[in-house]
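Everything on this sheet refers to the single structure shown next.
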Amino acid sequence: MAQTIAPPAAGAAPAPLPLKTIAPWALFVGVLMLVLLYFVGAEQGATSLLSGTDVHEWVHDGRHLLGFPCH
Ligand SMILES: [Zn+2]
């Protein structure tokens, strides 16, 4: 089955997204990344929110990859 795709018309640019549309998603992703950074970098010992070592073991390789102190 042969399909052809028409090339985009010259001068056709995608419509810009307004900041009001992007801002809530950017905030959500930023908070999500901070939570992820916390769990990778600081979820251990005195700053631990969850008891046990399960979270530490799950993110252990990421901790070493990003250069956080571990052991
Ligand atoms: Zn380690």
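Each reported figure results from applying straightforward, stated rules to the coordinates on display, with no laboratory input. Computed from a prediction, not measured in an experiment: that's the story for all the values here. Note that each Cβ is placed from the backbone with ideal geometry, even for glycine, and that neighbours are counted across all protein chains shown.
Filter the range 36-62 down to the residues that are surrounded by 10 or more Cβ atoms within 10 Å (Cβ to Cβ) and more than 16 Å from the ligand (Cβ to nearest atom) and list them by number. Residues satisfying the conditions are L36, L37, Y38, L50.
Which residues, taken from the range 1-53, are in a helix (DSSP H, G or I) and among the β-branched types (V, I, T)? T21, I22, V29, V31, V35, V40, T47, listed by residue number.
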